[in-house]
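Worksheet for the structure shown next.
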Amino acid sequence: MLIYGSRATKLKAEPIVYTCKHCQSKNTTTMVMFQKYAHVFWIPFCPIKKLAVTQCEHCKQVLEQKQFDPELKEIFAEQKSTLKTPIWTFIGLALLIVLIVTIIQDEKKESAENKVFLEQPQVGDVYTMRTKEGNYTLFLVKEVTKDSIGYWMNNYEVNKISGLHKIPANGDSAYLPITVYMARKELLPLLDKGEIHDVSRKK
């Protein structure tokens, strides 16, 4: 379950030059400034806006920002312009950016690695293949020649790539022991078209 929402953190409280409209006391009002921010799982994600409330120390009247008169609005605008947004309110957004960059880098690294594996195939390589029906299965390379590879096709298919772990990993017994041949020059185009989704090689 995704837990998200918004919170506010106090930035400062400062007396302001203002006459309370409720009790007519002069310069007895304090403006308290807040930074409102969005959070996900209680981790600050990104700042939203700055808010303020006022309280008269004489009559104790509290005004929310929506109740500000033009004079208080002007004071609020001046106060807000002097306040910096706390850097920590960007933590979640920064983590998200780092995660996205990491995923992109990992995908680029995996893509480059797959290309090398297909240019230099080895017996024992396993190809994650997308079938014509849009399902996914595994090919096990059993033979490599100068111009072609011979592979065994797994007996099982799944409709989502995330379900590949469900395919029995019982060694060669999970594959149909009939060798099918494919020209090596066809491998990279299949990778480019997404029909070969991934290549794994035992280290």
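The values are calculated or read from the model by the stated rules, or taken from the named source; none is laboratory data. Just so you know, these numbers come straight off a predicted model, no measurement behind them. As a convention, Cβ positions derive from the backbone with ideal geometry for all residues, glycine included, and neighbour counts pool all protein chains shown.
Screening ALA112 with (1) in a helix (DSSP H, G or I); (2) surrounded by 18 or more Cβ atoms within 10 Å (Cβ to Cβ) gives one miss only, at (2). Being surrounded by 15 or more Cβ atoms within 10 Å (Cβ to Cβ), touching a strand residue (DSSP E or B) at 6+ places or on another chain (Cβ under 7 Å) and free of Cβ contacts under 8 Å to residues at least 40 places away in the same chain holds for only one residue in PHE34, PHE90, and it is PHE34. Among the residues of segment 124-153, those identified as more than 17 Å from LEU188 (Cα to Cα) and in contact with a Lys or Arg (Cβ under 8 Å, 6 or more places away or on another chain) are GLY124, TYR136, TRP152.
Only a single item in (1) hydrophobic (A, V, I, L, M, F, W, C); (2) in a helix (DSSP H, G or I); (3) not assigned by TED's automatic domain parsing to the domain that holds PHE41 is not met by PHE139, and it is number (2).
Table: residues versus (1) of a type in the set (Ser, Thr, Tyr); (2) outside the structural domain of LYS10 (by TED's automatic domain parsing); (3) modelled with pLDDT of 90 or more; (4) out of contact with any helix residue (DSSP H, G or I) (no Cβ under 9 Å at 6 or more places or on another chain).
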site	(1), (2), (3), (4)
LYS80	no, no, yes, yes
PHE90	no, no, yes, yes
THR102	yes, yes, yes, yes
GLU107	no, yes, no, yes
GLU113	no, yes, yes, yes
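One line per residue, one yes/no per condition, for (1) assigned to a helix (DSSP H, G or I); (2) among the hydrophobic types (A, V, I, L, M, F, W, C); (3) farther than 30 Å from ILE16 by Cβ; (4) under 18 Å from the mean Cα position of the chain (by Cα):
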residue: MET33; (1), (2), (3), (4): no, yes, no, no
residue: ALA38; (1), (2), (3), (4): no, yes, no, yes
residue: PHE45; (1), (2), (3), (4): no, yes, yes, yes
residue: LYS66; (1), (2), (3), (4): yes, no, no, no
residue: GLN79; (1), (2), (3), (4): yes, no, no, no
residue: VAL98; (1), (2), (3), (4): yes, yes, yes, yes
